[in-house]
Structures are given as C-alpha cells and as structure tokens.
1. Specify which of the listed residues (A:60, A:29, A:51) is of a type outside the set (Phe, Trp, Tyr), more than 14 Å from every other protein chain (Cβ to nearest Cβ) and within 30 Å of residue A:189 (Cα to Cα).
2. Tally up the residues in the range A:326-350 that are part of a loop (DSSP other than H, G, I, E, B), of a type in the set (A, V, I, L, M, F, W, C) and either within 14 Å of another protein chain (Cβ to nearest Cβ) or buried (at least 18 other Cβ atoms within 10 Å of the Cβ) (or both), please.
3. What residue, of A:82, A:18, is within 14 Å of chain B (Cβ to nearest Cβ), of a type outside the set (Val, Ile, Thr) and at negative phi?
4. Exactly one of (1) assigned to a loop (DSSP other than H, G, I, E, B); (2) among the polar types (S, T, N, Q); (3) surrounded by 18 or more Cβ atoms within 10 Å (Cβ to Cβ) is unmet by residue A:52. Its number?
5. Anything in the range A:143-157 that is among the aliphatic types (A, V, I, L, M) and in contact with a helix residue (DSSP H, G or I) (Cβ under 7 Å, 6 or more places away or on another chain)? List them, or say none.
6. Mind checking which pairs have a first residue in the range A:388-417 that is over 13 Å from residue A:461 (Cα atoms) and a second that is in a helix (DSSP H, G or I) and basic (Lys, Arg), Cβ under 7 Å, 6 or more apart or different chains?
7. Could you tell me which residue of the range A:193-221 is surrounded by the fewest Cβ atoms within 10 Å (Cβ to Cβ), considering only residues that are in contact (Cβ under 8 Å) with a residue 60 or more places away in the chain and of a type outside the set (A, V, I, L, M, F, W, C)?
8. Among the strands (runs of 3 or more DSSP E) contained in the range A:213-325, which hold 1 or more residues that are under 34 Å from the mean Cα position of the chain (by Cα) and within 14 Å of chain B (Cβ to nearest Cβ)?
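Laboratory data are not the source of any read-out in this text; all were calculated from the coordinates shown. None of these values were measured; they are calculated from a predicted model. Every residue, glycine among them, receives a Cβ derived from its backbone with ideal geometry; neighbour counts consider all protein chains shown.
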Amino acid sequence: MKGRFRQSMNWLHTWTGFIFGWLLYFIFVTGSTGYFENEIDRWMKPEMTIVNQHIDEYKVLASAEKYLNTLAYNSPEWYISFPAAREPFIGISWLQLADKETNTPREWRAKNLDPINGSSTDVRETGGGRTLYRMHYNLHYVPQVVGYILVSLATMLMLIGLITGVIIHKKIFTEFFTFRSKKGLRAWLDIHNIFSVLPLPFHLMITYSGLLLLMGISMSTVIDTTYGEGKSNHKRFYKEAHSDIKEKKFINLSPENLSLKTVLEDAHNRYKDQRVSYVGLKDRGTKNEHYDIWFDAFEGIESASAVEYRIKDKKVEIEISLGKSGNAASVYDFFEHLHEGLFANTYLRWLYFISGLLGAGMIATGMILWTLKRKKNAEKQQKAKFIALIERVNIGIIIGVPIAIAAYFWSNRLIPVSMATRSDWEVHSLFITLIACVCFCLTRPIKEVWTNMLWLAASVYILLPVLNVFTTEHNIISSVKNSDWLMLGFDLSMLFFGACFAIAAMIIKRKKANAIPIIQSTSLAESCELPPSSLIKEKVV
Amino acid sequence: MLLLKNNRVFISTLIRVLVALFGGFIFANLAAILITYLSAGNAVNVAVDDIVTGLMVSFLVYAAVVIFVFSTKSALSATLYVTSSCLVSFAVISYIDRAIQ
C-alpha cells in the first residue's frame, strides 16, 4: 500500500510539474526581478537626477508646490516624493483629470526635479521594473482576470508539486547531501533535489502566499456567497479586509495654518528618527481634503505607519495607522509582506532573488528530467520526435527567458526616446525575443543548442553595460564618481550574469568534448547518462 | 507512461484528473464558506475576517483533495468520496442559510 501511494504521488508530481512548467519558469524568473524593481527602474530611467548630497526638504517642498500649482492646479491628488534609500530622487506626481477639449485622458503624471536648481527633467517613457515584475501575475497580454486565474491555477499545481515532491522523497535529508556529478540522469535528479530542498521553505512560502494574493479572484464565489455579489460588494470587501486600526487625536495646530509645509514640520517633530518618503494632498478642494505622510522605513516586517492630517470640528486631527484590524487579515498581511519582501535590506533582497532563481532552476531541471526519462524508453519514433521537440522548447524557454529580459533592457536604450508607444514596444521586444529564441532552438542542430543559447545569453548581458556607455552619459566609472550605487549595481550585476552564462557554456562544451568518445561505444540507455546536449547522434533526433 | 498503457487506465486517470480539478475546486469553495460560517459562529454576522480565514484555508483543502483523489484505490471511490463530501457540505451550508430567514 505504501509503495503504491508513493508511486501515485510520483505520477502526480511529474505531471503537475510538467503541465505548467514553462509558465511557472517564466513566473519565477520575472517575479524574482521584482525584488530589484527600483534598481531596474533607475537603469531604465537614466535621465533621473539622483540626489547624493544633503538637501533642504522645505526648499524642495516649496519648489515642488510651485510646479504643482501651475501644472496640476485642478488635480484632486498631489504627491511629492523625497529621496529614499532605494529611490534617491525628488519627484512630483499628480492625477490628471480627463479633459475633452484638450483631448487629455485621465492618467497619473510624474516629473523628476533637480535637487540643486529645482528645475524639472523629462524622463523617458518606460515600463520599468514595475511592468517587468507585474508580468509574473498578469501575463501582460491577456485580460486581467484570465491572467490571474491562469497564474492561480499554475500556482496551485506548483503547491501540489511541492507537497508531492516532499512525499516521494524517502530520505530527503541524505539526498540533499548527495551529488553524483558523473551519472547523467542521476546528476540532474541530484541538482533538482538541491534546488528544491535547500530553499524549500521559500518555495512553500512564495507559492502559498502567491495563491493568497490572488484569492479574491480565484475564489471569488466565496465572497459572492458570504458577502454579496457584484463589483461594489467586492470592493467593499477589499476595503474592509484591508482596514487598519487607527489612532485619532487632535493636535495643537490651527486649521488656517494647515499646509504642506506645516504637515511636514509636524511629521518631522513627531518622528525624529524617521525619513519622510512621500507627502500627499488628497481630495483637493473638497470638504474631505487631507494630507498624508509616509515614512521610508519598515519596522520589522510591517511598513512604518503613515500619518493623515485633516480638519475636523475646526481643529486639526491626525490619524496614525497601527496595523490590520482583523486577526486573519494580519496573517494575510504577514504573507503578503513576506511575498513582496519590501522590508528586506540589500543582503536579504539578494537572498530573495537567489531563492527565486533556485525555484526557477528547480522547475528547469524538472523539465529536463521529464524529457531525459522519457527519451530512455521512447520506442516509437513518433513519441521520440515529440520528446525531442519538448527538449528543444525546454532549452528555448530556460535560456530564452533571461535573454528576453535582456532584450527588454536593450529596447529601453535602442527605441527612440520620442516614440509615443515605446513602453509597449519594450514589452513586445521581450516576447518577440522569447519566441525567436524558441524558434532558434527548433532549427539548430541539437548538439549545439545549449552552447549557442548560453553564449548568446552571455553576450547580451555582458554588452548591456557597454550599451549604457554609448547611449547615455552613464558608465561604471561615472557611477562610482557620482555615488550612483543603483546604476553601478545594475551594470555590475549584468556583467556578473553574463559571466555566469559564459562559464556555463564553457562547462557544457568541455563535458561534451569528454563525452563524444563514450557515446560511440555505448548503447542508447547508457548514453542517457551524459548531459542532455550530448544526446546527439542517437536515433531520437 | 505506464499508467496510460491501456484504455481502462486512461479513462480512470482522466476521471481522476477531472474530479481533482473541478471536484477539488468546488469542495474548496464550499469548505471556505463553511469555515467562514463556523468561524463567525453563524451566517448573520459574517465578518470580513472570517471570510479571509475561509479563503486562506481553501487552498490547503484544494491541495489535500487533489492528493486524496490520486491516492485512493479506484477512480470510482475517489469520485464518490468527493461528490458526497460536496453534497454534505452544501447541505450544511443551505441549512445554516435557511436558519437565518
């Protein structure tokens, strides 16, 4: 009975992993880039003026207010952002109301301000880090609900794959320390185990919390039955589910003096060791007009509280949020923060990123194992052809997704700044490149596909900092001089990734060179004990 | 695949997949509603927090159902178990719903 149970779980593990394997790989890689959203943003908006000296926040506020008064006099919402650790910029943003006469749509607009002379800079239109990481749950081209449901389904299968994966391992702990590098299929299985077991807590957390983040859509019938159907009820649900406990009190400030400046002063006095990251003015010109202050810091896993200022009964009242009101909502909040990792410092952020990539590696090795195991037993030619096709698409996706992300960065520099739809075309170039990579893998001789793709990936990543030198005034030396650490970090990381791809290409090439004499003298079954790229001349192809 | 070697195995696998996918989804939803009611104590004062609890547990229920469906002896018994659990929880939910009116 026990053996049969394990066998059926093995079957379930194989197929839940396989069905959405490529999609899950895409989700893991693009999702991992989200941990460096601000860093990617900085690179994709090279015009932004960074603040690397001490600034007078009140002076900045005054010049920002001047701009907003002329550019956004009729806007209901204003925001002024101050330099923060991962966003060393000064910016203003506002909600532009729709105007039929001038043909302006209702949209958010933003401008970057120079810290020294207060002038505004035009920044190129780009999807930035946000569009890139959002692809991991909205899939970009499909309608939002379809994207959410597809991703939820894939995530559900991932969760089942993880649970069954734990079940089928008899000796999960010993296997973790086992690596038989020269044993072909076993070597791939060992790598798969290492990628899965070491970051298993991360995999479980990210998968389960991912499901929670989309639960309002994937399990919407529950809300329909218990809370009421329709959009307005759902909106009410979200609002109440995310409601904070708030402390309200009147402060010693006369209502006539309430302005952006006094609000900032009060916030500085109230929280002396906190840095203000945003000041907002909401519902301008209405009875409900109020000011918001957000702080840069996180306290543990929770973001530091925001403070709201409004006039009530001819006095100034402040509202300080103290966390979520419900117990379950607090658990949800905990998972959400864990998933997004916004609280993480640089080191933890890298750990998050590496764990995400290990997850992607786990899926990739799983897909490779799927083909290797079947290749061994493929008697019929038709079946063998099909498996060979999957093997090629595997390579096209595994190396193609990183190349496509690099193409997203390349297009940011190569598409003319004046082009109106340039941010759309950045995304188009990502997906066009991905499709091109898969097609490339389908046409090349199978023994060269891995090395070709890896060299291609290495070159597109290593050349990114070079492209940066030729298309902007930024380069590694100037970044060091200006202490522009985000730009420098991005350029260096790209060089590092490129180097990793190049090393991988060299390792595979060497292995293949060693493997060729063996392949001629061994049977088909034994030849499976070589890396997949070397399964060449056999009848499979 | 060994499991797909003959038609009977193929059909039983197909049934399991369908029961796991749709039966699991329906039962996860029903379980979430039940948990919401139970955690609220009744169906009148359902608070948002109870719904959040139900939703968060529902995914674990879904995963458990899928694993159960693939580990039982036959596809028929898997179907019967899942269907009857759905019917029972649906009956309980309707009973609680009716009790309010």
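1. A:29
2. Residues in the range A:326-350 being part of a loop (DSSP other than H, G, I, E, B), of a type in the set (A, V, I, L, M, F, W, C) and either within 14 Å of another protein chain (Cβ to nearest Cβ) or buried (at least 18 other Cβ atoms within 10 Å of the Cβ) (or both): 1 in total.
3. That would be A:18, the only listed residue that is within 14 Å of chain B (Cβ to nearest Cβ), of a type outside the set (Val, Ile, Thr) and at negative phi.
4. For residue A:52, the exception is condition (3).
5. Listed by number, the residues that qualify are A:145, A:149, A:151, A:154, A:156, A:157.
6. A:415/A:422
7. Out of the qualifying residues, it is A:209.
8. So the answer is A:244-251, A:315-324.
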